[in-house]
Structures are given as structure tokens and as C-alpha cells.
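Since the structure comes first, as C-alpha cells, the remarks are kept for the end.
The values are calculated or read from the model by the stated rules, or taken from the named source; none is laboratory data. What you see is a predicted model, and the numbers here were worked out from it, not measured in a lab. Here the Cβ positions follow ideal geometry from the backbone for every residue, glycine too, while neighbour counts run over all protein chains shown.
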Amino acid sequence: MLTGIIAEFNPLHEGHESLIRFVNGRPDSESPVRFLGSRFGFDSDGLVLILSTNFTQRGLPSVVSKFDRSLMAVCAGADLVIELPFLYACSAGSDFARGAVNIAGRIGVSRIAFGMEDTTFDAETLAGVLAYEPETYREILRREMSRGASYPKAVSIALEEILPGSREFFTRPNNMLAVSYMAAIKREGYNMSVIPFRREGVVTSRAIRENIAVNKKMLPEYSRRVIETCEREGRISDAGKLWPVLQGIFIRSGAEDLRGIYGVDEGIEGLFLKHWRESNGLEDFIGRCVCARYTRSHIRRRLIYILLGLRRDDVIEAMKDEVPYARVLAFTEKGRMILKHLRKSSHIPIITRLKDAEGFAGKFFAETEYRASQLYELTVSKPDMTRESHKVLQFP
């Protein structure tokens, strides 16, 4: 029985470590973060981590690369690390969850563990609404979006009307992702159980990222060592480095050019072309574009799609079916044995190199992944444009 965890680990902190230790049957009584509420026995045959690639759900480059975060994950206790491809990793929560659950289900993961801030709320009902979208829910969405609400805000209002208390519940990011995972499992029809844990404590990846120099002391020793090595090697990302590239694209692009990009619709291209000349850097530009309809994360993701030149029709065609492959990033000796079994039983092709992807969708995903990794290299002080071709990380 394989257990799965879906994560960004941006970076991996003590809360993440506590969850992995608990799933692996090694709870740490000294950890300042608690994951409580399990009724499961952890007789797992292995822990498979579905890890977000170099760009996150919020449309930001991860603080260190996927290879560095894979190293953190294996040190924490993961046996096998599988990449969540860019097209799902740098996407809204529903697509992020759909892609990750699709990979986990087709590999043969039997249960998914995740942290939540509140395990007492009726998350099952919320997951059912998001999975099956009853007409009442769709009516409220249409009403709110016609009033100018962003899609996330419209969803929040609809769920609050259907189940009072939902809006407060969804102010916590881990709650939102947990329900997205549960909804994806229901929608996909996988026979997969969930292991929700109530998360206590104040450690967050965001707080650590905002001041790495001060807050890296909140990391486990192995994560701290990875961060410090990346600091010495000029491998800490800075999204602001992408601003000159984006300016160059805006210089040569008109509204029609931008409208052909995936996700650039509903007039957002007009905001971009209106504000870029007067902006003092990337974050200033994003702040000028934020409005009731477009959240900061929504805007960031569109900017990454523009930087990659992702054409709408190509992305829609490539994503219309299931995730085309499961790419291995890292494994332990135990993970090697899991892989040996999965190569015989998996319902999704397992690859270690992007060039091994097959079919239109597979090749499009792989090409997009390669380009996204090249773009990521522009965010660090010392780029390595060959990094995507690195071998899979193997550990004794």
C-alpha cells in the first residue's frame, strides 16, 4: 500500500517534516508543529511524493530548484519523488490538485496524506460540491462573476451560501488545497482514501521565503544545508529578474498577440499593456494590475505563460486528457524497488528523461517543462542552462 503526499516544499520546513515522519510511523514529539487526528495505521509500503516543479501554484519561481527540493524530501523520508509537470504545478488549485491526483491514482497510490488547519469542518460536503458542481452552485457562480467578482471570490461566495462557514474555512490555504485534493479524487473516481491532519503552529514556507537569512533557522538541518549551499552557489531565485524579459515581450506585442496566450482573456491583456510602462519592477506592475476580477496569483501565472509563449489551443489540446507521464526526480534504495514494481503495474508511463515522453501531449508537456526550467535559470544569479538534463537523484 503506497502513501502519497502532494507538495511544493518551498522550502521544506518542520511542519512538512512532521507530516512525513508521522506517515512513516516516526512521530517527533519534540517538533513545534503537530499533525493530529489520524485513525489510520501506517503500514505503508512506501512514501511517494508528487513534487511541484520549478514554478509554484502562485506563479512564482520556487526558492530553490526542484532538484534541491527533491533532496530535502528524500532527507525527510520520501522514498520516491515524482514531478508534477509545470502545466499543472503553475496553475489554479483545482488543476494543481487534478494533475497531482491523476498521477498518484494511476501510479497506484492508495491514500493521500495532507495537512489542514481545521479537520472538524465538513470538508467532504465542500469537496462534493466542487467535484460535481450542482446547478445551485453554478447559478451562484454565474451571478457573482456577472457582478465583477474574480473566480476564486465567486467560488468562496457560492460555497458560503451552500455551507455557512466555508468562507472562513477557505481563508486558510491548506484547507483549500485539501478540499481540492478530495474533490479531484471524487471527480476522477479513484479508490483512494485521504489522511487529513490538523496542523498547529506558525511555521510557513512563505514566512521563511520572505526573509531566508533570518528564518532559515526554522528549517530542519538538512533543508538549511541545502538553502545555504544554494546561497553560496547563487542558486536562490528572484522573480524580479524576469521583469526585463517581460518588458521586451510587451514592447513587441499588441493585444491580439497576447490574447493568443493560454489564460490571457477577459481583457487582462489590456491591463498589462496599460500599466507596464509606468511600473517600477515586476511586483509594482502586478500590484497595478490586481483588481476585483484578477488576484495576484492569477496575474503571476498569466505572466509566466506569456514568458513561455504558451499558445492557448496547444495547451488546451495537451491537457484535455490525463497527465501524459510520471517523471522520476529522485529515489532511495527502497524507492528503486518501488519503481521496479511500478514499471510493471503503473497505468501511466514512467520516465526519467524528458526526451522519453511520447505522443503529442507527452512531447508538449516535456517541451514546456524544459522551457520553464530554462526560464527558471534566469531567476538565479548563476544560471545553469544544462540543469534540466541532470540525472535522476539516487540515494543509498
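Would it be correct to say that ARG142 is touching a residue at least 12 places away in the same chain (Cβ under 8 Å), assigned to a helix (DSSP H, G or I) and of a type in the set (D, E, K, R)?
no
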Practice item. Mind listing whichever residues of the range 220-250 are polar (S, T, N, Q) and either outside the structural domain of ARG69 (by TED's automatic domain parsing) or over 23 Å from MET116 (Cα atoms) (or both)? Key: THR229, SER237, GLN247
Study note, to complete from the structure: Of the candidates ARG387, ARG327, the one satisfying the condition of being in the same structural domain as VAL63 (by TED's automatic domain parsing) and buried (at least 20 other Cβ atoms within 10 Å of the Cβ) is ARG327
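Which residue out of ALA213, ALA178, ALA255 is under 20 Å from the mean Cα position of the chain (by Cα) and not aromatic (Phe, Trp, Tyr)?
ALA178
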Point to revise | Single match in ALA178, ALA131 (criterion: out of contact with any Pro (no Cβ under 7 Å at 6 or more places or on another chain) and either buried (at least 18 other Cβ atoms within 10 Å of the Cβ) or touching a residue at least 24 places away in the same chain (Cβ under 8 Å) (or both)) | key: ALA131
Check your understanding: Would it be correct to say that GLU124 is assigned by TED's automatic domain parsing to the domain that holds ARG209, outside any loop (DSSP other than H, G, I, E, B) and more than 17 Å from the chain's Cα centre (by Cα)?
Key -> yes
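Condition check ((1) touching a residue at least 60 places away in the same chain (Cβ under 8 Å); (2) among the small types (Gly, Ala, Ser); (3) under 14 Å from THR53 (Cα atoms)) across all residues:
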site	(1), (2), (3)
VAL328	yes, no, yes
SER345	yes, yes, no
ILE348	yes, no, no
ILE351	no, no, no
LEU354	no, no, yes
SER373	yes, yes, yes
Review point. Picking from ARG312, ARG301, which residue would you name as being surrounded by 20 or more Cβ atoms within 10 Å (Cβ to Cβ) and not hydrophobic (A, V, I, L, M, F, W, C)?
Key: ARG301
Practice item. Determine if the range 284-295 includes at least one residue that is surrounded by 19 or more Cβ atoms within 10 Å (Cβ to Cβ) and under 25 Å from GLU367 (Cβ atoms). Key: no
Exercise for review: Take the range 179-219 and flag every residue that is closer than 30 Å to GLU124 by Cα, touching a helix residue (DSSP H, G or I) at 6+ places or on another chain (Cβ under 7 Å) and in a loop (DSSP other than H, G, I, E, B).
Suggested key: TYR190, MET192, GLY201, VAL203
Check your understanding: Is there a residue being touching a Leu at 6+ places or on another chain (Cβ under 7 Å) and part of a loop (DSSP other than H, G, I, E, B) anywhere in the range 67-77?
Key -> yes
Review point. In the range 202-219, what residues are surrounded by fewer than 20 Cβ atoms within 10 Å (Cβ to Cβ) and either within 28 Å of SER110 (Cα to Cα) or outside the structural domain of ALA73 (by TED's automatic domain parsing) (or both)?
Key: THR204
Revision key, fill the gap. Residue hits (the range 144-170; among the polar types (S, T, N, Q), at pLDDT 85 or above, touching a helix residue (DSSP H, G or I) at 6+ places or on another chain (Cβ under 9 Å) and under 17 Å from THR295 (Cα atoms)) are SER156
